[in-house]
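Asker: First, the structure itself, so that you have it in front of you.
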Amino acid sequence: MMTRVRWLCAVLVLPICLLAVVSCGRKTDPLIPDSPRPEAVQGLKAAFQDTTVVLSWRIPERNSEGKNLPPGAITEFRVFRGEIGREERRSRLKQVAQISVADPAPAEVRSGTVTWTDTGLSYGKRYGYRVRAYGLRGSASDYSGEVLVAPEPSPVAPHGLTATAGDGFVVLAWEPVTRLTNGEPYAGFIGYNLYRGTGTGGVEPAPLNPVPLAVSTYRDEAVENGKQYSYRVRAVTSPVEPWRESPLSAEVAASPQDRTPPEPPTGVTVVPGIGRVFLTWNENRESDLAGYYVYRSAKSGGEYERLTDKPVTRTTYSDESVRQGMTYYYVLTAVDKSGNESAHSKEHKTYTESLR
């Protein structure tokens, strides 16, 4: 009995010893979790419009250690405002907004940029703004850098904005701005910021133009045919930031369309036969080609009848609706997916054979 107990003890001790041997090997560095604390908001911008200030900033993508944050790691932002008095004395910062990333209204979150508007400010005062980001576990970033604004009358919103769609472009035009919101004329620098969006979802927070436009027209060539775009414009009184912007103009929309037809088909050959005429031609190289239409007439130069209801996708066609012993004239056109049809190919004459 004693021998059996000793044997069981040996069996139990052996795994423990092996575990001790394994655990006594080289020690590894302890794993330290990444900090959930976001980095401070960078690039805080302010544009003021009369007694309204529009703040915008990018959502931080890294934590305080410079490591990438996972998607959704930042849950909210808080905006702080203070007044700046004489001799640059600043009042205590007060929180004026708490913005949820998931439900930001009345702020907006578009393309990684947050935009928030502060209203009801007063002429003759200066204000400073800072923003903090907050993470999933309530961890807060440092304050952003401060932006300063001093409300004063801004230009009126541009009027008469129009958008004319073309093939691969949209031309925008509006009336020049010459007055301020208080009704006074303005003869200083006036530039314009143009904003664009796709579909009916409003415009993006950043303007299309990298610097304010000096004229009241713009040709937007960074568009795709078949898509709808919306546009709004603001006037600004400075060529550099911070801009004193006007309110937004009314919104207009435009959809550029492909209006460029394909080249006419080339290399057309017509081979007559008994009861039919066989046509072949070279293939067009347009990437948006839909096919070809075949036309026929009993006289040269016109009154062509289209023989195909839908575009022919091959480069051959057999006309089996001919009458024996007749002379026919054929032309072809190419058509693209937008319905643009080319000019006629060179006309080809043929005479159908008769049975003897």
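Asker: Could you give me the residue pairs with C-beta distances under 7 Å whose first residue belongs to the range 296-318 and is part of a strand (DSSP E or B), whose second residue is of a type outside the set (Val, Ile, Thr) and surrounded by fewer than 11 Cβ atoms within 10 Å (Cβ to Cβ) wherever it lies, and which are 6+ apart or on separate chains?
Answerer: Arg296/Glu305; Ser297/Glu305
Asker: A further question on this structure: For Gly168, indicate whether it is on the phi > 0 side of the Ramachandran plot, outside the structural domain of Ser111 (by TED's automatic domain parsing) and either β-branched (Val, Ile, Thr) or without any contact (Cβ under 8 Å) to a residue 24 or more places away in the chain (or both).
Answerer: no
Asker: Quick check on this structure: which one of Ser249, Ser238 is at pLDDT 95 or above, in a loop (DSSP other than H, G, I, E, B) and over 30 Å from Arg296 (Cα atoms)?
Answerer: The conditions single out Ser249.
Asker: From the set of residues in the range 207-239 that are under 11 Å from the mean Cα position of the chain (by Cα) and hydrophobic (A, V, I, L, M, F, W, C), which is surrounded by the fewest Cβ atoms within 10 Å (Cβ to Cβ)?
Answerer: Ala222
Asker: Given the conditions (1) modelled with pLDDT of 95 or more; (2) crowded, with 18+ Cβ neighbours inside 10 Å, which single one is not true for His344?
Answerer: (2)
Asker: Would you check which residues across the range 72-92 are among the acidic types (Asp, Glu) and either under 27 Å from Ile59 (Cα atoms) or in contact with a Gly (Cβ under 9 Å, 6 or more places away or on another chain) (or both) and list them?
Answerer: Glu76, Glu83
Asker: Please count how many residues of the range 184-206 are part of a strand (DSSP E or B), under 12 Å from the mean Cα position of the chain (by Cα) and buried (at least 17 other Cβ atoms within 10 Å of the Cβ).
Answerer: 3
Asker: Okay, moving on. Go through the range 135-156 and count every residue that is touching a Ser or Thr at 6+ places or on another chain (Cβ under 7 Å), farther than 30 Å from Ala73 by Cα and in a loop (DSSP other than H, G, I, E, B).
Answerer: 4
Asker: So which residues in the range 105-126 are farther than 24 Å from Pro151 by Cβ and surrounded by 12 or more Cβ atoms within 10 Å (Cβ to Cβ)?
Answerer: Answer for the range 105-126, where residues must be farther than 24 Å from Pro151 by Cβ and surrounded by 12 or more Cβ atoms within 10 Å (Cβ to Cβ): Val109, Arg110.
Asker: While we're on this one: Can you name the condition, by its number, that Val322 falls short on among (1) part of a strand (DSSP E or B); (2) more than 24 Å from Asp258 (Cα to Cα); (3) hydrophobic (A, V, I, L, M, F, W, C)?
Answerer: Of the numbered conditions (1) part of a strand (DSSP E or B); (2) more than 24 Å from Asp258 (Cα to Cα); (3) hydrophobic (A, V, I, L, M, F, W, C), the odd one out for Val322 is (1).
Asker: So, Val233, is that one under 17 Å from Tyr330 (Cα atoms), touching a residue at least 24 places away in the same chain (Cβ under 8 Å), assigned to a strand (DSSP E or B) and β-branched (Val, Ile, Thr) or not?
Answerer: Considered against the rule, which asks whether it is under 17 Å from Tyr330 (Cα atoms), touching a residue at least 24 places away in the same chain (Cβ under 8 Å), assigned to a strand (DSSP E or B) and β-branched (Val, Ile, Thr), Val233 comes out as no.
Asker: Of these, Gly183, Gly201, which one is free of Cβ contacts under 8 Å to residues at least 40 places away in the same chain and at positive phi?
Answerer: None of the others qualify; the one that does is Gly183.
Asker: Could I ask something else about it? Does the range 330-339 contain any residue that is part of a loop (DSSP other than H, G, I, E, B), surrounded by fewer than 19 Cβ atoms within 10 Å (Cβ to Cβ) and in contact with a strand residue (DSSP E or B) (Cβ under 7 Å, 6 or more places away or on another chain)?
Answerer: Yes, some residue in the range 330-339 is part of a loop (DSSP other than H, G, I, E, B), surrounded by fewer than 19 Cβ atoms within 10 Å (Cβ to Cβ) and in contact with a strand residue (DSSP E or B) (Cβ under 7 Å, 6 or more places away or on another chain).
Asker: So which residues in the range 326-341 are of a type outside the set (A, V, I, L, M) and under 9 Å from Pro264 (Cα atoms)?
Answerer: Thr333, Glu341
Asker: In addition: When only residues in the range 157-183 that are in a strand (DSSP E or B) and polar (S, T, N, Q) count, which is farthest from Thr237 (Cα to Cα)?
Answerer: Thr164
The values are calculated or read from the model by the stated rules, or taken from the named source; none is laboratory data. Remember, predicted model here, so these are calculated numbers, not experimental data. No Cβ is skipped: glycine too gets one built from the backbone with ideal geometry, and neighbour counts run over all protein chains shown.
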